[in-house]
Amino acid sequence: MDEDLHEKPSSNETPNFRVVTEQLGVWYLYVSENNGVNMKNHWNNLVSGLPLFRILAMEIYNLDPMLFIAFICSKMWSGFESALLTYMSGQVLRQIEAGLSHDQPLMRPLIVVISCRLVCLMLAAYIGWWKSVPL
């Protein structure tokens, strides 16, 4: 196995990858290997992009404030939806477990939990439909 280190730094920064060359018969295989994550560069990129993101968000908000708020709320809901449905599924399983441990099903709490889960599913389906409707 023949390893070559190809470095072509364009500035004072050192590259965070290297290219490894391996000869397989008559073919050469070039593989890029990452030397590690440079968190300082990621942080600097994030900080330098925030003013541009703010300008973009303000321009979209100025076009239609209510649609922008609805869009942000739908994006927040999509992140919250899976956690809520998982929690509700856990509640249903807890009620079933409690019923099995008492040798008889506890119908009232089980019906309440299943009803709450159905309401959450209907809300999630409605928001999913609303997000897919073309404007």
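Selection of first residues in the range 124-135 that are open to solvent by less than 100 Å² (accessible area, probe 1.4 Å) and of second residues that are among the charged types (D, E, K, R), restricted to Cβ pairs under 6 Å at least 6 apart or on distinct chains, gives the following pairs, ordered by first then second residue: 124/81. Inclusion of residue 78 among residues that are over 18 Å from the mean Cα position of the chain (by Cα), assigned to a helix (DSSP H, G or I) and among the hydroxyl-bearing types (Ser, Thr, Tyr) is not warranted. Residues in the range 36-66 that are small (Gly, Ala, Ser), under 30 Å from residue 19 (Cα atoms) and part of a helix (DSSP H, G or I): 48, 49. Scanning the range 37-46 for residues that are modelled with pLDDT of 85 or more and under 20 Å from the mean Cα position of the chain (by Cα) yields a total of 3.
Considering only residues that are among the basic types (Lys, Arg) and closer than 18 Å to residue 113 by Cα, which ones fall in the range 64-101?
Answer for the range 64-101, where residues must be among the basic types (Lys, Arg) and closer than 18 Å to residue 113 by Cα: just 94.
Look at (1) in contact with a Ser or Thr (Cβ under 6 Å, 6 or more places away or on another chain); (2) at pLDDT 85 or above and you find that residue 88 fails only one, number (1). One residue stands out in the range 100-111 among those that are aliphatic (A, V, I, L, M) and surrounded by 13 or more Cβ atoms within 10 Å (Cβ to Cβ): the one that is farthest from residue 90 (Cα to Cα), namely 106.
The values are calculated or read from the model by the stated rules, or taken from the named source; none is laboratory data. Only a predicted model underlies this, so the values are computations on that prediction, with no experimental measurement involved. Glycine gets a Cβ as well: all are built from the backbone with ideal geometry, and neighbour counts include every protein chain shown. We work out accessible area using only protein heavy atoms, side chains counted, and drop any ligands, DNA or RNA first. Shrake-Rupley method; radii C 1.70, N 1.55, O 1.52, S 1.80 Å.
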